[in-house]
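Asker: This structure is in structure tokens; I'll ask about it shortly.
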Amino acid sequence: MKMCFSRLNLPVLIAALIIGVAITWVDTRPKWDDTGITAGSIFIATIILGALRPQQAWLSALAVGVWIPLVETIRIGNYAACLTLIVAFAGAYLGAFGRKLLGRAQSPSTHP
């Protein structure tokens with residue numbers, strides 16, 4: 001467990017937390033009612049964070065995506081908001097996968 005946390009990129013984690021809180025703040029505004037933009041924002045943010053740090057894609061997904069389900073469950077008992085985590089994990093792992101594909105495409109080939 002100690003090795004896992006020693007490899008974390010703290011600036012990426014802090015950015016993920018700030019992004020997640022900011023998206024949640026906008027989502028909880030009284031006049032805001034656009035789930036698509038909220039989900040799209042989470043998806044795009046986690047793609048970027050997953051690509052920046054593929055090894056901690058799971059943590060970036062949680063740091064961005066946990067806030068809306070937490071707030072919505074406590075505030076109004078909306079357990080369906082937990083679906084936000086699926087969007088966050090899909091984005092983070094898509095970004096991580098894309099980064100790995102780019103890394104393979106840029107590495108020199110051993111074949112002539």
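FYI, it's all coordinate maths here, none of it is from the lab. None of the values given here were measured: they were computed from a predicted structure. A quick note on method: Cβ atoms are made from the backbone with ideal geometry, for glycine too, and the neighbour counts reach across all protein chains shown.
Asker: Using 0.36 nm times the number of residues separating Q55 and W25, minus their current alpha carbon distance, what extension gain do you get?
Answerer: 8.0 nm
Asker: Would you mind counting up the charge near L94? Only other residues with Cβ under 15 Å from its Cβ, with Lys and Arg at +1 and Asp and Glu at -1.
Answerer: Surrounding charge for L94 is +3.
Asker: Which of the peptides 72-81, 12-21 is most tightly packed, and how do the rest follow, judged by the mean count of other Cβ atoms within 10 Å per residue?
Answerer: Output ranking for 72-81, 12-21: 12-21, 72-81.
Asker: Roughly how many nanometres apart are two label points built 7 Å out from the Cα toward the Cβ at L101 and T35?
Answerer: 2.8
Asker: In nm, what is the difference between 0.36 nm times the number of residues separating I18 and I44 and their Cα-Cα distance?
Answerer: 7.9 nm
Asker: For N78, list long-range residues whose amide hydrogen, built 1.01 Å from N in the peptide plane, is under 5 Å from its own amide hydrogen.
Answerer: T73
Asker: Please report, in debye to the nearest 20, how large the charge dipole of the chain is about its Cα centre when each Lys and Arg carries +1 at its beta carbon and each Asp and Glu carries -1 there.
Answerer: Dipole size: approximately 460 debye.
Asker: Sorting check: for 82-89, 36-43, 47-54, which peptide has the highest mean count of neighbouring beta carbons within 10 Å, and how do the rest follow?
Answerer: Top to bottom by mean Cβ count within 10 Å: 47-54, 82-89, 36-43.
Asker: Mind listing P(r) for the chain? All alpha-carbon pairs, 10 Å bins, whole percents.
Answerer: 15, 41, 27, 12, 4, 1, 0
Asker: Can you give me the distance in nm between label points at N78 and N9, each placed 7 Å from the Cα along the Cα-to-Cβ direction?
Answerer: 3.2
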